[in-house]
Amino acid sequence: MKRLILIRHAKSSWKQTHLSDFDRPLNKRGIRDAKFMSLQLSKIINSVDALFSSSSNRTKLTTNFFLEKIKIKNKNIFFLDDFYHSDLDHLFNSILSLNDSYSSIIFVGHNPGFTNITNFLSGSSYYNVPTCGVIVIEFVVDKWSLITKKSGKLINKMFPKDYR
């Protein structure tokens with residue numbers, strides 16, 4: 001069994017117009033949602049084997065809230081430049097190449113890639129995984145490379161608006 005947790009970064013701030021898209025921080029709502037959603041996820045998952053995040057500022061800041069609540073075994077935490085706005089193909093290839101010693105992993109990143117990979121793997125038809133949305137998909141395989149289109153079962157979906 002393999003478990004993939006997808007977390008879209010929390011809402012970012014546009015106040016500092018001189019900052020590049022990559023460097024934007026979280027806004028007040030983003031901070032509030034990241035604190036809250038990390039707590040919600042920790043109620044159903046207390047640890048994972050590894051976490052892979054985009055290296056953008058807003059994803060790093062979002063990731064930090066989840067790191068406070070979810071244990072990452074052996075400190076397998078990776079910030080990757082190529083996760084910045086990665087598309088469906090890149091995300092899928094990243095999943096297929098994961099180390100099989102990992103049973104559960106977290107990806108933190110961006111749309112539209114996260115909505116597309118959610119729909120591709122689970123057969124769902126989400127129009128948009130919102131900021132700080134959390135998707136949990138399980139696969140009945142023992143190797144990540146055996147995952148195929150629609151082979152995952154969506155076992156949990158948590159969006160901030162579901163709790164407001």
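Below, the figures for the structure above:
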| read-out | value |
| --- | --- |
| Test: residue in region 65-79 that is surrounded by 21 or more Cβ atoms within 10 Å (Cβ to Cβ), in contact (Cβ under 8 Å) with a residue 24 or more places away in the chain and either among the acidic types (Asp, Glu) or not in a helix (DSSP H, G or I) (or both) | no |
| Count of region 1-39 residues which are of a type in the set (S, T, N, Q) and either touching a Lys or Arg at 6+ places or on another chain (Cβ under 7 Å) or surrounded by 17 or more Cβ atoms within 10 Å (Cβ to Cβ) (or both) | 4 |
| Failed item in (1) modelled with pLDDT under 95; (2) assigned to a helix (DSSP H, G or I), with residue 85 passing the rest | (2) |
| Whichever residue in region 20-40 is of a type in the set (S, T, N, Q) and in a helix (DSSP H, G or I) and, among such residues, is farthest from the chain's Cα centre (by Cα) | 40 |
| Candidate set from region 118-164 (those that are open to solvent by 30 Å² or more (accessible area, probe 1.4 Å) and of a type in the set (Phe, Trp, Tyr)); member that is nearest to residue 2 (Cα to Cα) | 120 |
| Scan of region 41-62 for residues that are surrounded by fewer than 24 Cβ atoms within 10 Å (Cβ to Cβ) and either without any contact (Cβ under 8 Å) to a residue 24 or more places away in the chain or β-branched (Val, Ile, Thr) (or both), ordered by number | 43, 44, 45, 48, 60 |
| Pairs where the first residue, in region 85-103, is over 20 Å from residue 1 (Cβ atoms) and in contact (Cβ under 8 Å) with a residue 60 or more places away in the chain and the second is in a loop (DSSP other than H, G, I, E, B) and not polar (S, T, N, Q), C-beta under 9 Å, 6+ apart | none |
| Failed item, numbered, when residue 103 is tested on (1) closer than 18 Å to residue 144 by Cα; (2) surrounded by 13 or more Cβ atoms within 10 Å (Cβ to Cβ); (3) touching a helix residue (DSSP H, G or I) at 6+ places or on another chain (Cβ under 9 Å) | (3) |
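The values are calculated or read from the model by the stated rules, or taken from the named source; none is laboratory data. Being a predicted model, the structure only gives us computed values, none of them experimental. Using ideal geometry, Cβ is built from the backbone for each residue, glycine included, and neighbour counts are taken over all protein chains shown. Surface areas here come from the heavy atoms of the whole protein model, side chains and all, with no ligands, DNA or RNA. Shrake-Rupley method; radii C 1.70, N 1.55, O 1.52, S 1.80 Å.
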